[in-house]
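These notes are about the structure you will find just below.
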């Protein structure tokens, strides 16, 4: 084998090795992003960092992994009226929101928000009953709330035509979704690792607001 042939062969092997390393890196990154909903869902592995975000018109949305740390966040509205999976008013919070690398905040409205690392605190049930005041979020059965059957209802001191959007997610599939009007109720069953999403009204802010869940 000539020296030129050996050089060509080594060059080919080197380029091929580099391409393999790059490909493996890309695949690992895609896997980590695709499974970040599970990988980051604990206070030990959550990479979120506290920051404030001002929601205004004509301002480009911040991007996770570029403008802020990816991870699970609790989003609290400090002033104004901000759309976060529905409209939140001052003093209202949406818990356990995942912003994986590449996701944008995409908040609309006008106001000030504070994003803090999600604490994944379990919903507290007393005598089979839990009350969430001005609080919405995504809750995993078996971690943040017990597995089982529930009834949920909500009310507000102010008359409202808005509806909460209640959904149950099993893996990547939404198993059930319903619009729940004030003072109405629905029953549902949560299996292990399913996610209960309680979303605020998509038409207007409803505050103050109280959500009641009763374990059947």
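Mind telling me which of the residues 145, 213 ends up being surrounded by 14 or more Cβ atoms within 10 Å (Cβ to Cβ), closer than 22 Å to residue 98 by Cα and in contact with a strand residue (DSSP E or B) (Cβ under 8 Å, 6 or more places away or on another chain)?
After ruling out the rest, the residue left standing is 145.
Which condition number does residue 187 fail, the rest of (1) modelled with pLDDT of 95 or more; (2) on the phi > 0 side of the Ramachandran plot being met?
Looking at each condition in turn, residue 187 falls short on (2).
Counting only residues that are part of a strand (DSSP E or B) and without any contact (Cβ under 8 Å) to a residue 12 or more places away in the chain, how many does segment 170-198 have?
Qualifying residue count for the region: 2.
When you scan segment 122-135, do you find a residue that is touching a strand residue (DSSP E or B) at 6+ places or on another chain (Cβ under 7 Å), outside the structural domain of residue 170 (by TED's automatic domain parsing) and more than 23 Å from residue 154 (Cβ to Cβ), even just one?
No, segment 122-135 has no match at all.
The values are calculated or read from the model by the stated rules, or taken from the named source; none is laboratory data. Since this is a predicted model, take the numbers as computed values, not measurements. Neighbour counts are summed over all protein chains in view; Cβ atoms, including those assigned to glycine, are modelled from backbone coordinates with ideal geometry.
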